[in-house]
Amino acid sequence: MKTLIQKIKQIIMWIVVAFFASTILSVVALRWLPVYFTPLMFIRLAEQVDEGKSMTLHHHWVPLEKISPSLPTAVMASEDARFLEHHGFDYKAIEQAAMRNMKHPEKRKLGASTISQQTAKNVFLWPGRSWVRKGFEVYFTTLIELMWTKQRIMEVYLNSIEMGDGIYGADAVAEHHFNTTAEQLTKAQCALIAASLPNPRRFNSARPSGYMLKRQARILREMRFVKKL
């Protein structure tokens with residue numbers, strides 16, 4: 001019996017060691033390597049097949065210097081104004097979201113996910129709201145904040161985030177929604193893309209609704225107060 005317990009303990013120990021070794025190595029490797037595919041891309045392709053649609057995936061990696069500098073500013077203004085100041089988690093935003101959610105439980109839950117957290121989720125994890133997934137998100141967010149620069153986190157974020165139906169990353173959305181490149185995106189176009197990010201399959205930056213145009217105007221105003229990357 002003792003031998004069996006010892007074997008189980010050894011197996012668990014090796015599983016834990018393998019998990020930490022593989023995840024740390026993958027984060028180190030992706031400090032330099034382009035991210036060509038993410039779990040969400042495969043999930044969306046499976047959903048398309050399940051719905052009887054043709055598989056659509058538009059994505060091409062471009063370095064940060066080939067992306068309009070207005071786009072990082074726009075997404076920070078929209079998603080995470082303190083991106084350059086925090087270490088992966090915006091505790092002030094978390095506190096504000098928690099207070100608002102407690103005060104107005106009937107309304108849609110307000111989140112406080114940072115760009116670092118969204119990058120960790122996009123690259124290493126799957127969509128969902130379970131506590132297990134959230135725990136992994138905290139783990140991977142901590143790793144990328146320790147091992148990547150803020151510029152690298154932004155570069156991966158802007159290349160991997162879903163920006164439309166079957167569209168991922170800045171260059172793909174620039175081509176398919178604005179007939180241009182990520183480098184040539186205007187300030188107004190960048191603000192429209194940022195305005196779509198809460199739900200890019202519902203809010204189309206190529207055909208903005210009145211609500212999106214209001215968000216765009218607010219983002220353009222707030223971009224003036226955001227620190228440049």
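The values are calculated or read from the model by the stated rules, or taken from the named source; none is laboratory data. This structure is a prediction, so every number in the text was calculated from the model and none was measured. For neighbour counting, all protein chains shown are included, and Cβ atoms are generated from backbone atoms with ideal geometry for every residue, glycine included. Remember, those area values only see protein heavy atoms, side chains included, never the ligands or the DNA or RNA. Shrake-Rupley method; radii C 1.70, N 1.55, O 1.52, S 1.80 Å.
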Qualifying positions in region 122-171 - more than 29 Å from Leu185 (Cβ to Cβ), touching a residue at least 12 places away in the same chain (Cβ under 8 Å) and hydroxyl-bearing (Ser, Thr, Tyr): Tyr139, Thr142
Flag if Gln184 is over 20 Å from Gln118 (Cβ atoms) and open to solvent by 80 Å² or more (accessible area, probe 1.4 Å): yes
Answer residue from region 166-201, given it is under 16 Å from the mean Cα position of the chain (by Cα) and assigned to a loop (DSSP other than H, G, I, E, B) and is modelled with the lowest pLDDT among those: Pro198
Meets criteria (touching a Lys or Arg at 6+ places or on another chain (Cβ under 8 Å), touching a residue at least 24 places away in the same chain (Cβ under 8 Å) and either within 24 Å of Pro127 (Cα to Cα) or among the hydrophobic types (A, V, I, L, M, F, W, C) (or both)) for Leu185: no
Residue that is surrounded by the fewest Cβ atoms within 10 Å (Cβ to Cβ), among those in region 10-41 that are without any contact (Cβ under 8 Å) to a residue 60 or more places away in the chain and in a loop (DSSP other than H, G, I, E, B): Trp32
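Per-residue answers, yes or no, for (1) in contact (Cβ under 8 Å) with a residue 60 or more places away in the chain; (2) surrounded by 18 or more Cβ atoms within 10 Å (Cβ to Cβ); (3) among the basic types (Lys, Arg); (4) out of contact with any Gly (no Cβ under 9 Å at 6 or more places or on another chain):
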residue	(1), (2), (3), (4)
His58	yes, no, no, no
Lys66	yes, no, yes, yes
Ser70	yes, yes, no, yes
Val75	yes, yes, no, yes
Tyr91	no, no, no, yes
